[in-house]
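Please read the structure below before turning to the comments.
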Amino acid sequence: MTIRTRLIASIAAIQTLFLITMVIATLTIGREAASRRIEVQAGQKADLAAILLRKAVWGSDVAAARELAQELVDGDALVSAVVFDRRGAVLASASDAGPAPRRAARASRPIQVDGVAAGTVAVEVSGDFLDGVLAGIYSKLVLIAACLVLLSAGASWMFGNLMTRRLAALRLSAEALAQGDFELRMSGRDRSRWSPWPRR
């Protein structure tokens, strides 16, 4: 393997490693952002449920609390909703009949009426819808990384040629001198081409 090939391969390897590291870091940040988004969404759903359930929980109306919890699960894309009274006993609960989510977040909020704690509501939100979003992001990142790898390979080849052209000319000159050829020199315009010394 020539010096030029080794230099080009080294530059390409460093750039490829850098791109792979950037892709992995971006995916990690994307997963963390998705988890935070699910947690925020669960908190918002719990706040809404606490507001809607105030009257039913304050009056200990089990039927109304169960109906509202089921409406929240059916209409607000919740996995489950559990309502507790002020003593911590389960007043009502509702859950989705579908399969358990692979990714979920839970949040609970106190139910207060005029500043007095009447109970608590706990909700669970599915985050499976983010799997499609993350898959799309992953596909785009892989495509971008592949394009950047190709561009970096071309840039590495050009940079390697630029760096090694004069070294190659110097090596050829040294080999010619070692063989006793003192009548060759590098021309000023193209140092990779040879021209004879002017005869005296």
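The values are calculated or read from the model by the stated rules, or taken from the named source; none is laboratory data. A quick note: this is a predicted structure, and the numbers were derived from the prediction, not measured. Using ideal geometry, Cβ is built from the backbone for each residue, glycine included, and neighbour counts are taken over all protein chains shown.
Is the range 48-63 home to any residue that is out of contact with any Pro (no Cβ under 9 Å at 6 or more places or on another chain), at pLDDT below 85 and polar (S, T, N, Q)?
Filtering the range 48-63 for residues out of contact with any Pro (no Cβ under 9 Å at 6 or more places or on another chain) gives 48-49, 51-63.
Then drop every residue that is not at pLDDT below 85, which leaves none.
No, that holds for no residue.
Residues in the range 106-133 that are buried (at least 16 other Cβ atoms within 10 Å of the Cβ) and either more than 30 Å from Gln70 (Cβ to Cβ) or among the aromatic types (Phe, Trp, Tyr) (or both): how many?
The qualifying residues number 0.
So, in the range 104-161, how many residues would count as being β-branched (Val, Ile, Thr) and part of a helix (DSSP H, G or I)? I'd like the intermediate steps shown before the answer.
Of the residues in the range 104-161, the ones β-branched (Val, Ile, Thr) are 111, 113, 116, 120-121, 123, 125, 133, 137, 142, 144, 149.
Adding the requirement that they be part of a helix (DSSP H, G or I) leaves 133, 137, 142, 144, 149.
Residues meeting the conditions: 5.
Which one is surrounded by the fewest Cβ atoms within 10 Å (Cβ to Cβ) among residues in the range 1-41 that are under 16 Å from Ile144 (Cβ atoms) and polar (S, T, N, Q)?
Filtering first and then ranking leaves Thr21.
So, Val90, is that one in contact (Cβ under 8 Å) with a residue 24 or more places away in the chain and out of contact with any Ser or Thr (no Cβ under 7 Å at 6 or more places or on another chain) or not? It would help to see each step written out before you state the result.
On the way: in contact (Cβ under 8 Å) with a residue 24 or more places away in the chain: no; out of contact with any Ser or Thr (no Cβ under 7 Å at 6 or more places or on another chain): yes.
So Val90 does not fit the description; no.
Yes/no matrix, rows are residues, columns are (1) under 12 Å from Gly119 (Cβ atoms); (2) β-branched (Val, Ile, Thr); (3) part of a helix (DSSP H, G or I):
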position: Leu48; (1), (2), (3): no, no, yes
position: Val57; (1), (2), (3): yes, yes, yes
position: Arg66; (1), (2), (3): no, no, yes
position: Val82; (1), (2), (3): yes, yes, no
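Among the residues of the range 42-50, are any within 30 Å of the chain's Cα centre (by Cα), buried (at least 17 other Cβ atoms within 10 Å of the Cβ) and among the basic types (Lys, Arg)?
Yes, because at least one residue in the range 42-50 is within 30 Å of the chain's Cα centre (by Cα), buried (at least 17 other Cβ atoms within 10 Å of the Cβ) and among the basic types (Lys, Arg).
Identify all residues within the range 64-84 that are crowded, with 17+ Cβ neighbours inside 10 Å and over 20 Å from Pro101 (Cβ atoms); write none if there are none.
Within the range 64-84, Ala65, Arg66, Leu68, Val83, Phe84 qualify.
Go through (1) in a helix (DSSP H, G or I); (2) of a type in the set (A, V, I, L, M); (3) within 30 Å of Val23 (Cβ to Cβ) for Leu72 and report which single condition fails.
Looking at each condition in turn, Leu72 falls short on (3).
Provide a single number: the residues in the range 27-54 that are in contact (Cβ under 8 Å) with a residue 40 or more places away in the chain and over 19 Å from Arg103 (Cβ atoms).
Keep residues of the range 27-54 that are in contact (Cβ under 8 Å) with a residue 40 or more places away in the chain, which gives 27, 30-31, 34-35, 37-39, 41-43, 45-47, 49-50, 53-54.
Next, from what is left, pick out any that are over 19 Å from Arg103 (Cβ atoms): 47, 49-50, 53-54.
So the count comes out to 5.
Which numbered condition trips up Gly180, out of (1) on the phi > 0 side of the Ramachandran plot; (2) assigned by TED's automatic domain parsing to the domain that holds Ala49?
Among (1) on the phi > 0 side of the Ramachandran plot; (2) assigned by TED's automatic domain parsing to the domain that holds Ala49, the lone unmet condition for Gly180 is (2).
Filter the range 84-103 for residues that are among the charged types (D, E, K, R) and assigned to a loop (DSSP other than H, G, I, E, B) and give the result.
Of the range 84-103, the ones among the charged types (D, E, K, R) are 85-87, 96, 102-103.
Matches in the range 84-103: Arg86, Arg87, Asp96, Arg102, Arg103.
Based on what the data block shows, is Ala89 modelled with pLDDT of 90 or more, surrounded by 16 or more Cβ atoms within 10 Å (Cβ to Cβ) and of a type in the set (Gly, Ala, Ser)?
Spelling it out, it is not the case that Ala89 is modelled with pLDDT of 90 or more, surrounded by 16 or more Cβ atoms within 10 Å (Cβ to Cβ) and of a type in the set (Gly, Ala, Ser).
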